[in-house]
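The structure appears right after this line, and notes come after that.
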Amino acid sequence: MTTIGARPLAGLLGPWRDRSPAYAALADRVRLLVLDGRLTAGTRLAAERELAAALGVSRTTVAAAYAALRESGHVVSVRGSGSVVQPPAAAAPAEGEDAGGGSGGAPGHPQVLDLVNAALPAVQGLQEVVERAVRALPRHLGGTGYEMRGVPELREAVARRYTERGLPTRPDEVLVTVGAQHAIALLARTFLRPGDRALVETPTYPTAVRALTAAGGRALPVPVGPGGWDGEALREAFTRARPAVAYLVPDFHNPTGATMPAAQRREVLELAERSGTRVVVDETTADLGFAPGAPAWVPFPGDVVHVGSLAKSVWAGLRLGWVRADAATVREALEHRSPTDLGTPVLEQLVGAEVVDVLDAFADRRRAQLRASHDALHEALAERLPSWRVPRVAGGLSTWANLGAPVSSSLVLAARARGLLLSTGPRFSVDGAFERYLRLPFTLAPERMRRVVDVLADAWADTARLPQALPAPEALV
Ligand SMILES: Cc1ncc(COP(=O)(O)O)c(C=O)c1O
């Protein structure tokens with residue numbers, strides 16, 4: 001069991017005291033850390049007396065906060081182990097949260113505006129493709145169904161797509177996985193030994209960092225913002241730390257929406273070659289360039305390992321992703337696969353094979369949806385929250401709002417109480433930073449995005465009254 005001590009917990013909590021009574025504000029902040037995934041299930045919280053000392057509050061305040069967390073099911077008392085974090089689904093839903101647990105957003109809860117995940121419902125036209133795949137299933141029913149590398153139809157379709165986009169690929173250079181997340185975790189286990197350095201962007205897609213650290217990697221953060229990657233920090237990280245792995249999201253990066261210029265991609269390749277680093281390029285969002293004139297996706301050049309997925313351009317519910325690498329790396333990754341799973345379900349793979357062949361048409365629909373929602377979000381923000389600095393992005397699913405004050409967690413809590421679910425800025429950080437930032441996915445329909453901004457403006461009015469929300473929003477306008 002991991003324990004979080006009083007000081008690290010105080011650091012994670014940040015400026016938590018945003019309402020009275022203090023115990024309720026403290027309990028809210030711990031809940032938010034659990035929901036954000038920054039405190040994971042099974043973690044033992046710091047002892048009451050120590051946390052009270054670290055926060056400069058009375059022990060009664062911490063005891064009351066822990067009691068409130070037990071009451072709401074976010075924490076259990078384990079004899080001899082103190083207070084232990086519970087998985088979020090086991091906890092009672094917060095006000096306005098979908099009772100289904102997780103991120104919510106289940107059909108039947110239309111009043112909840114769920115932007116915890118940057119993802120869309122299934123693309124229009126998927127049902128017909130699934131029906132075609134069902135008709136193709138009999139071809140496979142005579143086999144055992146263990147397809148550890150992936151069914152030939154899907155590996156051929158993925159290989160064709162890379163080849164058409166300029167990266168010649170054979171089917172034995174493709175390994176079908178259960179979504180991109182599985183691919184990242186598998187590659188982390190394949191490439192990392194305990195204590196190895198894993199270069200990651202900060203902010204970044206947090207579940208990838210969890211996969212890398214779970215495999216023993218030590219995260220080596222390199223800053224990225226809406227304006228791009230910090231070239232100096234990249235050079236320094238590769239040259240000084242010689243990381244075993246670099247995990248990058250170079251196209252419409254999550255959460256910032258940034259895209260890495262071609263010259264910097266070439267530089268990354270050179271740096272990686274010199275430092276002996278395996279570069280894992282996550283192209284999950286690469287098909288989602290929607291700005292007029294945005295160039296079509298081309299695979300990252302050179303000797304890197306590509307990760308792809310249908311989750312964002314088609315539907316996350318398919319749980320289909322892949323690794324594209326040289327055949328030896330694919331074999332190596334396969335070795336690491338068998339202890340945990342024996343392949344992606346065949347029917348889903350057949351759906352994938354049909355989908356990849358019509359992916360451009362599907363991605364066009366996605367891009368049109370995202371463009372409309374992105375523009376609606378910006379129009380509403382310009383009107384209701386003009387003090388925020390929110391970059392317009394050329395593609396992807398989210399933008400990275402600079403709030404101008406370190407109030408992301410307070411704002412997310414205030415929005416949550418009004419039925420709008422978001423992830424805080426620090427959730428995307430490797431070291432707890434970004435309390436001034438908020439990821440804004442534009443994944444709801446345009447009229448719902450306008451509603452999101454209305455709720456945010458109300459929540460902001462509460463948040464802007466907090467002492468840490470300086471300079472005052474008026475001064476920023
Ligand atoms: C950059 C990135 N990679 C991977 C994933 C997960 O993809 P999948 O659903 O295919 O596992 C996400 C989901 O948010 C993502 O943003």
Å² of accessible area per residue within region 6-90, as computed with a 1.4 Å probe and no ligands counted = 45 Å²
Please state the charge dipole magnitude for region 134-357, taken about the Cα centre, from unit charges on C-beta atoms (+1 on K and R, -1 on D and E), reported in debye and rounded to the nearest 20.
-> 360 debye
Antiparallel content of DSSP bridges confined to the chain, in %, to 5 | 55 percent
By DSSP, what percent of the beta bridges with both residues in region 134-357 are antiparallel, rounded to the nearest 5?
-> 40 percent
Hey, how much of the P(r) for region 164-318 falls beyond 28 Å, as a percent of Cα pairs?
-> 14 percent
Once the Cβ-Cβ distance between residue 40 and residue 242 is put in as r, and R0 is 22 Å, what FRET efficiency do you end up with, to the nearest 0.05?
-> 0.15
Estimated dipole of the chain in Debye, rounded to 20 [Cβ of Lys and Arg +1, of Asp and Glu -1, Cα centre] = 940 debye
Going by accessible area, probe 1.4 Å, with all protein chains left in place, what is the ranking of 210, 371, largest first?
-> 210, 371
Out of 168, 290, 306 - ranked by how far each Cα lies towards the positive end of the dipole of region 134-357, with unit charges on the beta-carbon of charged residues - the top one is 306
In degrees, nearest 10, range 0 to 90: what is the angle between the Cα axis of helix 262-275 and the longest Cα principal axis of the chain?
-> 90 degrees
Can you give the extra length, in nm with one decimal, that the chain gains between residue 418 and residue 291 once fully stretched, where that is 0.36 nm per residue apart less the Cα-Cα distance?
-> 42.5 nm
Please list 443-453, 29-39, 120-130 highest first by mean number of surrounding beta-carbon atoms within 10 Å per residue.
-> 29-39, 443-453, 120-130
Excluding ligands, DNA and RNA, the carbon-plus-sulfur percentage of the accessible area of region 6-90 with a 1.4 Å probe reads 50 percent
Excluding ligands, DNA and RNA, what is the solvent-accessible area per residue of region 348-417 at a probe of 1.4 Å, expressed in Å²?
-> 33 Å²
Helix 446-463 vs. the chain, principal-axis angle (Cα, 0 to 90°, nearest 10) = 30 degrees
In region 134-357 the accessible area split gives carbon plus sulfur, as whole percent at 1.4 Å, a share of 55 percent
Compute the distance in nm between two label points, each set 7 Å from the Cα along the Cα-to-Cβ direction, one at residue 465 and one at residue 134.
-> 5.5 nm
Charge dipole (region 6-90, unit charges on Cβ, about Cα centre) - positive-most of 73, 26, 45 | 45
Expressed in angstrom, Rg and Dmax over the Cα atoms of the chain are 22.7, 70
With Cα coordinates, the longest principal axis of the chain makes an angle with the long axis of helix 327-337, in degrees rounded to 10, of 50 degrees
Please give the length that would be gained between residue 341 and residue 20 if that part of the chain were fully extended, namely 0.36 nm times their separation in residues minus their C-alpha to C-alpha distance (nm, one decimal).
-> 110.7 nm
Quote to one decimal, in nm, the extra length available between residue 63 and residue 266 on full extension: 0.36 nm per residue of separation minus the C-alpha distance between them.
-> 67.6 nm
Average accessible area per residue (Å²) across region 215-303 - probe 1.4 Å, nucleic acids and ligands excluded | 40 Å²
For the residue 164, residue 7 Cβ pair and Förster radius 45 Å, calculated FRET efficiency rounded to 0.05 is 0.25
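The values are calculated or read from the model by the stated rules, or taken from the named source; none is laboratory data. These numbers come from a predicted model, not from an experiment. Neighbour counts are summed over all protein chains in view; Cβ atoms, including those assigned to glycine, are modelled from backbone coordinates with ideal geometry. Ligands, DNA and RNA are excluded from the accessible area calculation, which covers all protein heavy atoms including side chains. Shrake-Rupley method; radii C 1.70, N 1.55, O 1.52, S 1.80 Å.
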